[in-house]
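K.L.:
Pasting in a structure now, in structure tokens, and then I'll have a few things to ask.
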Amino acid sequence: MSTKFSGNGYKKMSINRDAWAMLEIAQREGIETVWDRLAAQEPQCGYCNLGTSCRNCAMGPCRVDPFGDGPQKGVCGADADIIVARNLARTIAAGASAHSDHGRDILETLHIVGEGKSDVYQISEPEKLHQLAEEYGVSIDGKSDQELAAELSWEMMEDYGMRRKKLPLAGRAPAARQEIWEKTGVYPRGVDRENVETLHRTHMGVDNDWVNILLHAVRNSLSDGWGGSMIATELSDVLFGIPKPNSSSVNLGVLKADQVNIILHGHNPMLSEVIVAASQDEEILALAKEKGAQGINLAGLCCTGNEVLMRKGIPMAGNHLMQELCIMTGAVELMLVDYQCIMPSVGETAKCFHTKVISTFDKAKFPNAEHISFDPARGLEIGKQIVRTAVENYENRVPEKIRIPVEPVPMMAGFSVEAILGALGGTPQPLIDAIVDGSIRGAVGVVGCSNPKIKQDLGHTELTKQLIANDILVVVTGCAAVADGKAGLMVPEAADLAGPGLSAVCKALGIPPVLHMGSCVDNTRILVLAAALANTLGVDISALPLAGAAPEWYSEKAVAIGTYVVGSGIYTVLGTAPPVFGSPNIVNLLTEGLQDVFGATFAVEPDPNRAAVLIRRHIERKRAGLNLPAISPDSIAMPEAELTLV
Ligand code: XCC
Ligand code: SF4
């Protein structure tokens with residue numbers, strides 16, 4: 001156990017009482033957590049932190065000394081610029097691959113539905129299916145939904161390969177943006193193609209022009225944002241329904257002391273959708289009663305949680321750093337995992353309790369977990385088997401270990417683009433009017449992970465509060481959304497925390513000032529909304545008063561997201577420093593040079609209050625560029641840095 005936990009040191013790890021309560025238990029009972037393992041790793045490798053280490057071949061591993069005393073080149077001759085560029089590109093390829101492979105799994109499910117071979121999935125949104133078919137040039141005349149699903153899925157599978165010159169969904173971007181992509185040679189062609197090409201280029205002895213490597217990395221990220229991730233979002237909507245505003249709740253208090261609790265953890269909604277159905281099965285509910293439970297309670301974690309929260313209003317137990325802590329409530333019968341962001345440690349934590357961990361995708365197995373291979377064709381049957389396992393585990397509970405620490409906080413979710421436009425009366429015009437008259441100054445996507453290097457949820461919630469107080473609408477996804485939910489920012493009453501303009505708009509519409517747009521693949525909803533605003537105004541996305549922020553990111557997927565957001569013309573502020581500082585050339589390119597090419601840059605600012613100032617200044621500059629009433633950006637003072645990181 002780390003010394004960081006002496007006394008009430010655990011309060012430094014998170015801003016939340018539910019996390020404190022569990023960390024206190026971890027300390028008392030000697031249960032290891034992510035924070036202990038981080039402490040054990042410190043000091044982490046300086047070369048890796050700066051991005052100047054390489055193990056791409058067996059002449060290495062190599063490292064370049066950014067301070068000039070040690071070697072300046074790897075064995076092959078690669079300098080800091082080449083090594084940093086290659087590492088960054090590979091990170092983006094890994095993140096883009098994760099999202100896009102998730103998209104592929106949903107696409108294959110649509111295909112199974114098209115073949116009439118699923119026992120549970122169906123087309124929930126025929127209109128969206130038709131709209132996609134049109135975008136893909138598939139004629140809908142006289143075809144059943146099933147036939148269309150079969151045909152469209154074949155077409156979309158081409159997005160993964162090499163028969164396309166351009167990804168069709170990228171055609172949703174404004175014409176001016178697409179021209180930029182054409183001109184710079186980064187228009188994404190095929191999802192798998194761009195990922196593979198990154199791995200090829202970064203092999204020793206291939207692409208050794210760091211600018212050229214990074215341009216391809218942008219193309220790779222765009223194949224995620226306007227490709228694989230967008231396919232995941234669109235087809236999840238087609239199969240499981242377009243999210244609509246709903247009221248739910250969040251934090252460890254959503255677990256129920258007298259019910260069978262099942263945690264749905266990971267990213268892919270296929271299985272969890274089925275679990276929702278299986279948990280309502282009369283026979284299984286009767287079995288739960290027989291075992292002495294009052295019912296079956298589902299709760300989400302990470303982005304699988306966001307998916308079922310958005311569409312079904314299933315309550316949310318927490319974000320990334322809560323995955324070990326939620327097991328420590330002693331009230332979890334089953335943690336069901338699919339893939340991504342699942343710590344390999346959860347099975348170990350579960351061993352201290354009666355909790356079972358079940359993995360479900362053959363590509364994602366975990367130590368100390370039982371594996372039940374998921375087959376979408378037999379979805380319901382497998383779902384019922386899993387829920388029954390949870391119910392049977394209820395009798396193994398240890399009553400004195402049940403410790404559900406807090407009351408849940410209410411939160412709204414379900415703000416798909418369709419829902420937002422619906423609330424506005426069908427067009428983006430009212431939102432544009434509010435931005436034009438200055439009652440809303442702009443909009444910012446606060447997205448991404450939790451990272452134990454940053455006090456949990458501090459980055460997300462401080463930044464969000466600053467932005468809404470300054471009349472900037474905030475849209476959230478992923479673990480950022482869960483953080484803001486826990487902080488009570490995602491209920492209509494939170495309009496009182498917003499500036500006068502935003503507050504009035506929210507009150508008129510009955511919406512919170514912070515809108516939950518979904519999981520991390522659903523960042524594509526933000527792209528679609530930005531494109532709709534830009535197209536209505538007849539400008540490029542980069543002209544709009546928008547920004548992105550990832551205050552506590554940890555994942556390779558977040559790097560892919562940040563890059564496609566910047567590549568789409570949106571300025572993005574990162575809270576965690578990416579491993580690029582070993583190459584001043586690349587830092588300059590990312591923070592300045594990209595402006596001339598893509599009309600947007602990255603910034604790195606760990607302090608959320610200072611990040612808010614950077615974003616406000618940026619938004620005022622964009623407003624001035626559109627001749628909208630603007631405050632002088634220079635009059636927005638930068639606060640002294642005041643970091644409360646771990
Ligand atoms: Fe994972 Fe999506 Fe990050 Fe959260 S926000 S830690 S990626 S669950 Ni995507
Ligand atoms: Fe070293 Fe070059 Fe091999 Fe990387 S690719 S490990 S820098 S020799």
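The values are calculated or read from the model by the stated rules, or taken from the named source; none is laboratory data. Everything quoted here is computed from the prediction, not taken from an experiment. Virtual Cβ from ideal backbone geometry, glycine too; neighbours counted across all protein chains shown. The accessibility values were calculated without ligands, DNA or RNA, using every heavy atom of the protein model including side chains. Shrake-Rupley method; radii C 1.70, N 1.55, O 1.52, S 1.80 Å.
K.L.:
For the range 23-36: of the residues being assigned to a helix (DSSP H, G or I) and away from ligand 1 (no atom under 16 Å from the Cβ), which is most open to solvent (accessible area, probe 1.4 Å)?
P.N.:
Applying the filter and picking the extreme gives ARG28.
K.L.:
Determine, yes or no, whether GLY292 is away from ligand 1 (no atom under 16 Å from the Cβ), on the phi > 0 side of the Ramachandran plot and surrounded by fewer than 24 Cβ atoms within 10 Å (Cβ to Cβ). Spell out the reasoning first.
P.N.:
Working: away from ligand 1 (no atom under 16 Å from the Cβ): yes; on the phi > 0 side of the Ramachandran plot: yes; surrounded by fewer than 24 Cβ atoms within 10 Å (Cβ to Cβ): yes.
Yes; evaluated as a whole, the condition is true for this residue.
K.L.:
It is to be established whether one or more residues within the range 28-39 are more than 13 Å from ligand 2 (Cβ to nearest atom), without any contact (Cβ under 8 Å) to a residue 12 or more places away in the chain and closer than 30 Å to HIS200 by Cα.
P.N.:
no
K.L.:
Looking at the structure I just gave you, is ASP69 at pLDDT 95 or above and of a type in the set (Asp, Glu)?
P.N.:
Judged against the criteria, ASP69 is not a match.
K.L.:
For GLU407, are the conditions met, namely being open to solvent by 40 Å² or more (accessible area, probe 1.4 Å) and either part of a loop (DSSP other than H, G, I, E, B) or on the phi > 0 side of the Ramachandran plot (or both)?
P.N.:
Against the criterion (open to solvent by 40 Å² or more (accessible area, probe 1.4 Å) and either part of a loop (DSSP other than H, G, I, E, B) or on the phi > 0 side of the Ramachandran plot (or both)), GLU407 qualifies.
K.L.:
Only residues that are open to solvent by less than 20 Å² (accessible area, probe 1.4 Å), in contact (Cβ under 8 Å) with a residue 40 or more places away in the chain and in a helix (DSSP H, G or I): list them for the range 567-602, please.
P.N.:
GLY567, ILE586, PHE598
K.L.:
List pairs: first residue in the range 332-350 and in contact (Cβ under 8 Å) with a residue 24 or more places away in the chain and open to solvent by 20 Å² or more (accessible area, probe 1.4 Å), second residue within 16 Å of ligand 1 (Cβ to nearest atom) and among the hydroxyl-bearing types (Ser, Thr, Tyr) anywhere in the structure, Cβ distance under 7 angstrom, at least six positions apart or on different chains.
P.N.:
Note: pairs meeting the criteria are CYS341/SER555.
K.L.:
Here's a follow-up. Looking only at the range 100-111, decide whether some residue is open to solvent by 30 Å² or more (accessible area, probe 1.4 Å) and within 16 Å of ligand 1 (Cβ to nearest atom).
P.N.:
Scanning the range 100-111 turns up at least one residue that is open to solvent by 30 Å² or more (accessible area, probe 1.4 Å) and within 16 Å of ligand 1 (Cβ to nearest atom).
K.L.:
Right, here's the next one. Sort out which residues of the range 37-56 are farther than 16 Å from ALA85 by Cβ and surrounded by 13 or more Cβ atoms within 10 Å (Cβ to Cβ), and write them in order of number.
P.N.:
Answer for the range 37-56, where residues must be farther than 16 Å from ALA85 by Cβ and surrounded by 13 or more Cβ atoms within 10 Å (Cβ to Cβ): ARG37, LEU38, ALA39, GLY46, ASN49.
K.L.:
Scan LEU515, LEU489 and give me the residue that is open to solvent by less than 10 Å² (accessible area, probe 1.4 Å), touching a strand residue (DSSP E or B) at 6+ places or on another chain (Cβ under 6 Å) and over 30 Å from LEU169 (Cα atoms).
P.N.:
LEU489
K.L.:
Still on this model: From (1) in a loop (DSSP other than H, G, I, E, B); (2) of a type in the set (A, V, I, L, M, F, W, C); (3) surrounded by 24 or more Cβ atoms within 10 Å (Cβ to Cβ), pick out the condition that doesn't hold for CYS326.
P.N.:
(1)
K.L.:
Here's something else I'd like to know. Of all helices (runs of 4 or more DSSP H) completely enclosed by the range 123-209, which ones contain at least 1 residues that are touching a residue at least 12 places away in the same chain (Cβ under 8 Å), within 25 Å of ARG86 (Cβ to Cβ) and more than 16 Å from ligand 1 (Cβ to nearest atom)?
P.N.:
Counting at least 1 such residues, we get 175-184, 191-201.
K.L.:
May I ask you to list the residues in the range 603-620 that are among the charged types (D, E, K, R), over 15 Å from ILE440 (Cα atoms) and touching a helix residue (DSSP H, G or I) at 6+ places or on another chain (Cβ under 8 Å)?
P.N.:
GLU605
K.L.:
Could you count how many residues in the range 244-268 are within 16 Å of ligand 1 (Cβ to nearest atom), within 19 Å of ALA480 (Cβ to Cβ) and not aliphatic (A, V, I, L, M)?
P.N.:
4
K.L.:
Here are some conditions: (1) without any contact (Cβ under 8 Å) to a residue 60 or more places away in the chain; (2) under 23 Å from MET335 (Cβ atoms). VAL474 meets all but one. Which one does it not meet?
P.N.:
Result: VAL474 passes all but (2).
K.L.:
While we're here: Would it be correct to say that ILE435 is assigned to a helix (DSSP H, G or I) and open to solvent by less than 10 Å² (accessible area, probe 1.4 Å)? Break it down stepwise before answering.
P.N.:
Details: assigned to a helix (DSSP H, G or I): yes; open to solvent by less than 10 Å² (accessible area, probe 1.4 Å): no.
It is false that ILE435 is assigned to a helix (DSSP H, G or I) and open to solvent by less than 10 Å² (accessible area, probe 1.4 Å).
K.L.:
For the subset of the range 59-70 comprising residues that are more than 6 Å from ligand 2 (Cβ to nearest atom) and open to solvent by less than 100 Å² (accessible area, probe 1.4 Å), which member is farthest from ASP81 (Cα to Cα)?
P.N.:
Once the filter is applied, the top-ranked residue is GLY70.
K.L.:
Sticking with this one: Suppose we filter the range 40-58 for residues that are near ligand 2 (Cβ under 9 Å from one of its atoms) and either part of a loop (DSSP other than H, G, I, E, B) or among the β-branched types (Val, Ile, Thr) (or both); how many remain?
P.N.:
So the count comes out to 4.
K.L.:
If GLY422 meets every condition in (1) part of a helix (DSSP H, G or I); (2) surrounded by fewer than 22 Cβ atoms within 10 Å (Cβ to Cβ); (3) at pLDDT 95 or above apart from one, which number is that one?
P.N.:
Every condition holds for GLY422 apart from (3).
Yes/no matrix, rows are residues, columns are (1) in contact with a Gly (Cβ under 7 Å, 6 or more places away or on another chain); (2) open to solvent by 20 Å² or more (accessible area, probe 1.4 Å):
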residue: ASP522; (1), (2): no, no
residue: ALA543; (1), (2): yes, yes
residue: ALA550; (1), (2): yes, no
residue: TYR564; (1), (2): yes, no
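K.L.:
What's the number of the condition CYS48 fails, among (1) within 16 Å of ligand 1 (Cβ to nearest atom); (2) of a type in the set (A, V, I, L, M, F, W, C); (3) over 22 Å from ASN212 (Cβ atoms)?
P.N.:
Checking CYS48 against (1) within 16 Å of ligand 1 (Cβ to nearest atom); (2) of a type in the set (A, V, I, L, M, F, W, C); (3) over 22 Å from ASN212 (Cβ atoms), the one that fails is (1).
K.L.:
Inside the range 462-549, counting only helices (runs of 4 or more DSSP H) that do not spill past its ends, which hold 3 or more residues that are more than 22 Å from the chain's Cα centre (by Cα)? Lay out the reasoning, then the answer.
P.N.:
Numbers: elements: 478-486, 500-509, 523-537.
Qualifying helices (runs of 4 or more DSSP H): 500-509, 523-537.
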